[in-house]
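First the structure, in the form of structure tokens, and then the observations on it.
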Amino acid sequence: MRPEPRLIEVRKNVLKQNDLVAQSLRDRFRAAGVFVVSLVSSPGSGKTAFLEKTLTLLRTNYRVAALVGDLATENDALRLARSQAPVKQITTGTLCHLEAAMVQSALEEWDLNQLDFLFIENVGNLVCPSSYDLGEELRLVLISVTEGEDKPLKYPTIFNSSDVAVVSKLDLAAAVEFSWKTAYDNIQAVRPGMPVFKLSAKTGEGVAEYLGFLATRLAEWHQAAAV
Ligand SMILES: Nc1nc2c(ncn2[C@@H]2O[C@H](COP(=O)(O)OP(=O)(O)O)[C@@H](O)[C@H]2O)c(=O)[nH]1
Ligand SMILES: [Mg+2]
């Protein structure tokens, strides 16, 4: 029998190694009682704007922090730090996604017991991040109205591996003739039953509903852990 091509074997091993680190992170997050949400989207969808809004609003009731991944620059960490929450930038160099080991080393000096929510903004990409577990409890995929309603159909894997979808930049919907129904139906076609929120990080429209969802998920998670 012919062996599998070597490239595939190497990739499988990298993924396997990532899964092991991700599982140990997940155990650590659960033991510390910190609910971890990762954010994935294409570049420019509005992850950082959305996360800054999230951190600023959640901070009044919860202890929140964020990690943010980009190939280069500390720009997003500086933007997120305006929320006054603890923030750390991870720069990946040439890599198109975050890996669990990067999250692990970024958290080395953090006391996770001091947190209720940890958000992880992944590198902007609708392909690579889907295969890399980061130990998160909830994966949130963001699309903006300006990207077109067909993206869930074109990039099904990232939607399939996510738990909740957010459609952002709602304030621009009319300018680009965005159809909520088409976008919603496309998301449901790929991932039936996935909760979907529409909002604008700029005007704040729709943000309360999504924050309510996060608060409910956190409470349910604590209840399940207590049983
Ligand atoms: N009009 C509008 N612009 C937004 C919104 N969210 C983000 N943006 C803009 O979209 C661009 C990309 O946002 P950014 O947060 O950097 O996206 P990221 O690359 O996914 O982190 C920036 O110019 C933001 O000001 C929104 O809800 N409405
Ligand atoms: Mg960003």
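What follows draws every value from the coordinates through simple rules; no lab data is involved. What you see is a predicted model; the values in this text were computed from it and never measured. Note: ideal-geometry Cβ built from the backbone for every residue, glycine included; neighbour counts use all protein chains shown.
Identify all residues within the range 185-195 that are buried (at least 18 other Cβ atoms within 10 Å of the Cβ) and either out of contact with any helix residue (DSSP H, G or I) (no Cβ under 7 Å at 6 or more places or on another chain) or not in a helix (DSSP H, G or I) (or both); write none if there are none.
First, pick out the residues of the range 185-195 that are buried (at least 18 other Cβ atoms within 10 Å of the Cβ): 186-187, 190-191.
Answer for the range 185-195, where residues must be buried (at least 18 other Cβ atoms within 10 Å of the Cβ) and either out of contact with any helix residue (DSSP H, G or I) (no Cβ under 7 Å at 6 or more places or on another chain) or not in a helix (DSSP H, G or I) (or both): just ARG191.
Where in the range 39-120 are the helices (runs of 4 or more DSSP H), entirely inside, with at least 1 residues that are in contact with a Lys or Arg (Cβ under 6 Å, 6 or more places away or on another chain) and buried (at least 18 other Cβ atoms within 10 Å of the Cβ)?
Here the list reads 47-58.
If only one of ALA77, ALA49, ALA66, ALA101 is more than 21 Å from ALA201 (Cβ to Cβ) and aliphatic (A, V, I, L, M), which one is it?
Numbers: ALA77 fails: more than 21 Å from ALA201 (Cβ to Cβ); ALA49 fails: more than 21 Å from ALA201 (Cβ to Cβ); ALA66 fails: more than 21 Å from ALA201 (Cβ to Cβ).
ALA101 is the lone residue from the list that is more than 21 Å from ALA201 (Cβ to Cβ) and aliphatic (A, V, I, L, M).
Give the residues of the range 42-67 that are more than 15 Å from LEU134 (Cβ to Cβ), within 16 Å of ligand 2 (Cβ to nearest atom) and not aliphatic (A, V, I, L, M), sorted by residue number.
SER42, PRO43, GLY44, SER45, GLY46, THR48, PHE50, GLU52, LYS53, THR54, THR56
When the residues of the range 140-159 are narrowed to those that are within 16 Å of ligand 2 (Cβ to nearest atom) and not aliphatic (A, V, I, L, M), which ends up surrounded by the fewest Cβ atoms within 10 Å (Cβ to Cβ)?
The extreme case among them is THR146.
Residue check, SER105 against (1) under 20 Å from GLY46 (Cα atoms); (2) free of Cβ contacts under 8 Å to residues at least 24 places away in the same chain, all met but one. Which one?
For SER105, the exception is condition (1).
Which members of the range 68-91 meet the condition of being within 13 Å of ligand 2 (Cβ to nearest atom) and closer than 30 Å to ASN13 by Cα?
VAL68, GLY69, ASP70, LEU71, ALA72, THR73, GLN89, ILE90, THR91
Quick one: in the range 17-41, of everything that is more than 12 Å from the chain's Cα centre (by Cα) and farther than 20 Å from GLU109 by Cα, which residue is nearest to ligand 2 (Cβ to nearest atom)?
Checking each candidate, the answer is ASN18.
Given the conditions (1) within 15 Å of ligand 1 (Cβ to nearest atom); (2) over 19 Å from the mean Cα position of the chain (by Cα), which single one is not true for GLU147?
(2)
Taking the range 117-138 as the region of interest, how many residues are more than 13 Å from ligand 1 (Cβ to nearest atom), closer than 21 Å to ARG30 by Cα and of a type outside the set (Asp, Glu)? If you could, list the steps in order and put the result at the bottom.
Step one: list which residues in the range 117-138 are more than 13 Å from ligand 1 (Cβ to nearest atom), which gives 117-118, 127-128, 130-138.
With closer than 21 Å to ARG30 by Cα added as a condition, the list becomes 117-118, 132-138.
Filter once more, keeping what is of a type outside the set (Asp, Glu): 117-118, 132, 134-135, 138.
Residues flagged as more than 13 Å from ligand 1 (Cβ to nearest atom), closer than 21 Å to ARG30 by Cα and of a type outside the set (Asp, Glu) within the range 117-138 amount to 6.
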